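Participant: Here you go, one structure.
Quick note: the coordinates plus some simple rules give every number you see, no bench work behind them. Treat the numbers as computed from the prediction; the structure is a model and nothing was measured. Glycine also receives a Cβ, built like all others from the backbone with ideal geometry; neighbour counts cover every protein chain displayed.
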Amino acid sequence: MPPSVYSRPPQRDSWFAPLSVDLLLKVLNITLFHPFICWLIPLCLRAQTTKWEAPPMVAAFAWAIFISLCWIAAAVNQYVAHGPPRQVDLSEEVIVVTGGASGLGMLIAEVYGMRGASVAVLDVNQMEHTEARGVTYYKCDVSDKAQVAKAAVEIEKDLGTPTVLINNAAVVIGKSLLDLSVDEIETSISTNLLGPFYCLKTFLPAIIRGGRGGTIVNVSSVIGHLGAAQLTDYAAAKAGLTALHKSLTAELRESHPDIRTVLVTPGQLSTPLFYGVQTPNSFFAPVVEPVDVTKEIVAAIDGGKGVTAAMPFYARWVDVYNMLPVGLQLIARRVAGVDKGMETFIGRKGSAEKK
């Protein structure tokens with residue numbers, strides 16, 4: 001098996017397992033929810049000599065206008081929220097990826113390395129694919145600010161001034177609070193929350209100094225909004241990372257508007273980090289493939305855009321869940337099985353044994 005590809009964590013078998021809300025929405029977004037297709041419908045009706053005032057024609061026009069307005073509103077919302085895109089030239093980009101030795105981080109690093117960008121991977125573990133083209137590995141524990149500072153000096157010397165920082169490094173311990181040791185709590189918080197702080201404090205001044213703008217990507221988690229049993233440390237850190245991102249975005253919007261920020265909030269990823277975890281519901285909460293998250297991040301960086309992305313579909317509406325009465329939230333959690341998923345958690349060690 002290729003080093004950057006991992007088996008999907010074992011899930012409950014069912015004949016409709018490949019079917020999900022997200023798959024249905026993908027199909028609709030390129031058909032009935034796409035303006036081009038919507039405007040073809042009245043044209044086809046007219047080709048059949050349907051009268052302009054006929055109910056099917058009126059309905060087709062109304063639908064096409066509605067969908068077009070929705071797309072325009074989405075574009076306006078994107079511009080208002082994140083401003084105009086910055087100019088991106090991959091041959092001049094220096095991209096720093098934390099936790100890039102495996103999983104999602106490695107996939108992003110390989111994509112940009114093969115496309116001509118200079119990529120620096122920071123990870124405490126050795127890269128699994130040491131021959132990745134255009135990727136330079138730096139052994140670094142992001143929870144240690146001294147190591148981050150040392151790596152930053154080496155990156156500027158070897159590759160140049162960074163323009164993109166992707167805070168992706170994470171650890172999942174998967175124990176209840178009572179079973180967590182103090183050292184494990186410190187390790188989790190240091191890697192998942194303090195690590196991004198250290199990297200931002202180290203690399204953001206360099207990005208600003210470069211004078212060409214840049215992009216900051218923070219990979220958070222839907223768990224930071226929902227919380228879940230056996231993930232107290234991870235949930236706390238990811239909630240903090242989301243809050244950090246929003247505050248940083250507000251600061252940069254005023255002081256350095258040429259720097260774009262990207263917040264990615266995925267559900268359960270099909271990577272070694274969550275190997276063995278049972279998704280609560282494969283239809284409403286499918287496991288997210290790293291390639292799908294990579295597409296979102298790459299599209300945002302390539303386009304020089306700021307983006308707030310959440311996947312799968314339910315992750316976009318998780319804030320609505322937090323608006324429900326607490327009793328309804330509890331019922332929803334029990335029905336979905338949110339707090340049972342970690343009971344089968346294996347993690348990185350288990351994924352290594354399966355390969």
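Participant: Once the principal axes of the Cα atoms of the chain are found, what is the range along each, listed largest first in whole angstroms?
Facilitator: 73, 49, 42
Participant: I'd like the Karplus ³J(HN,Hα) series for region 230-239: coefficients 6.51, -1.76, 1.60, θ = phi - 60°, whole numbers in Hz, and an x wherever there's a Gly or Pro.
Facilitator: Karplus-based 3J(HN,Hα) across region 230-239 equals 6, 9, 4, 5, 5, 4, 4, 5, 6, 4 Hz.
Participant: Go through 346, 137, 61 and say which Cα lies farthest out towards the positive end of the charge dipole of the chain; charges sit on Cβ, +1 for Lys and Arg, -1 for Asp and Glu.
Facilitator: The listed residue farthest towards the positive side: 61.
Participant: Only Cα pairs under 8 Å and at least 6 apart count here; give the relative contact order of the chain as a rounded whole percent. Walk me through the numbers before you get to the answer.
Facilitator: Values: 606 pairs, mean separation 67.8, N = 355.
That works out to 19 percent.
Participant: I would also like to ask the following. Using only Cα atoms and rounding to the nearest 10 degrees, what angle (0 to 90) does helix 55-82 make with the longest principal axis of the chain?
Facilitator: 30 degrees
Participant: Sticking with this structure for a sec: What size of dipole, in debye to the nearest 20, comes out for the chain about its Cα centre when the only charges are +1 on Lys and Arg C-beta atoms and -1 on Asp and Glu C-beta atoms?
Facilitator: In total the dipole reaches around 680 debye.
Participant: What shape does region 146-230 take by its C-alpha gyration tensor, where a ≥ b ≥ c are the square roots of the eigenvalues and a/c under 1.5 counts as rounded, a/b above b/c as prolate, and the rest as oblate? Walk me through the intermediate numbers first.
Facilitator: Numbers: a/c = 3.80, a/b = 2.06, b/c = 1.84.
Cα axes put region 146-230 in the prolate bin.
Participant: So what's the angle, to the nearest 10 degrees on a 0 to 90 scale, between helix 195-210 and the longest Cα principal axis of the chain?
Facilitator: Tilt of helix 195-210: around 80 degrees.
Participant: While we're here: Tell me, what are the semi-axes, in whole angstrom and largest first, of the equivalent ellipsoid of region 21-81 as set by the roots of 5 times the Cα gyration tensor eigenvalues?
Facilitator: Values: eigenvalues 131, 44, 13 Å².
Whole-Å semi-axes of the equivalent ellipsoid: 26, 15, 8.
Participant: How large is ³J(HN,Hα) for each residue in region 279-288, as worked out from phi by the Karplus curve 6.51 cos²θ - 1.76 cosθ + 1.60 (θ = phi - 60°), to whole Hz, x for Gly and Pro?
Facilitator: 5, x, 7, 5, 7, 8, 9, x, 5, 8
Participant: Rounded to the nearest 0.05, what FRET efficiency is calculated for residue 73 and residue 322 with R0 set to 25 Å and r the Cβ-Cβ distance?
Facilitator: The pair residue 73/residue 322 has a calculated efficiency of 0.55.
Participant: Note down, for region 70-171, the three equivalent ellipsoid semi-axes (square root of 5 times each alpha carbon gyration tensor eigenvalue), biggest first, whole angstrom. Can you show the working numbers first?
Facilitator: Working: eigenvalues 153, 46, 42 Å².
With the √(5λ) rule applied to region 70-171, the semi-axes are 28, 15, 15 Å.
Participant: Under a Cβ-only charge scheme (Lys and Arg +1, Asp and Glu -1), can you give me the dipole magnitude of region 122-232 about the Cα centre, in debye to the nearest 20?
Facilitator: Here region 122-232 has a charge dipole of around 520 debye.
Participant: Give me 273, 204 sorted ascending by neighbouring Cβ count inside 10 Å, so fewest comes first.
Facilitator: Final ranking by Cβ density, sparse to dense: 204, 273.
Participant: Using only alpha carbons, build the gyration tensor for region 210-272 and give me the equivalent ellipsoid semi-axes, biggest first, whole Å. Spell out each step's value before the answer.
Facilitator: On the way: eigenvalues 149, 33, 11 Å².
Semi-axes, largest first: 27, 13, 7 Å.
Participant: To test your reading of the geometry: what angle, between 0 and 90 degrees and rounded to tens, separates the Cα axis of helix 290-302 from the longest principal axis of the chain?
Facilitator: 90 degrees
Participant: Quick check on packing: order 95-106, 52-63, 158-169, 289-300 by the mean number of other C-beta atoms within 10 Å, highest mean leading. Could you put the intermediate results ahead of the total?
Facilitator: Working: 95-106: 26.8, 52-63: 13.2, 158-169: 22.4, 289-300: 17.9.
Descending packing order for the listed peptides: 95-106, 158-169, 289-300, 52-63.
Participant: Using helices alone, I'd like the mean residue ellipticity at 222 nm for the chain: each DSSP H run of four-plus residues gives -39500 (n - 2.57), total over residue count, nearest 500. Intermediate results must be reported in sequence, preceding the final value.
Facilitator: Details: 13 runs with 163 residues, N = 355.
Taking each H run of at least 4 residues, the total per residue is -14500 deg cm²/dmol.
Participant: Could you name the aspartates and glutamates in cross-link range of residue 150, using Cα to Cα under 18 Å and dropping any fewer than eight places away on the same chain?
Facilitator: 123, 141, 158
Participant: Set Lys and Arg Cβ to +1 and Asp and Glu Cβ to -1, take the dipole of region 88-354 about its Cα centre, and tell me which of 220, 91, 119 lies farthest positive.
Facilitator: The residue sitting farthest along the positive end of the dipole is 220.
Participant: Quick one: Debye curve from the alpha-carbon atoms of region 233-343 only, equal weights, vacuum; give me log10 I(q)/I(0) at q = 0.10, 0.15, 0.16, 0.23 Å⁻¹ to two decimals.
Facilitator: The Cα Debye sum returns log10 ratios of -0.37, -0.79, -0.89, -1.43.
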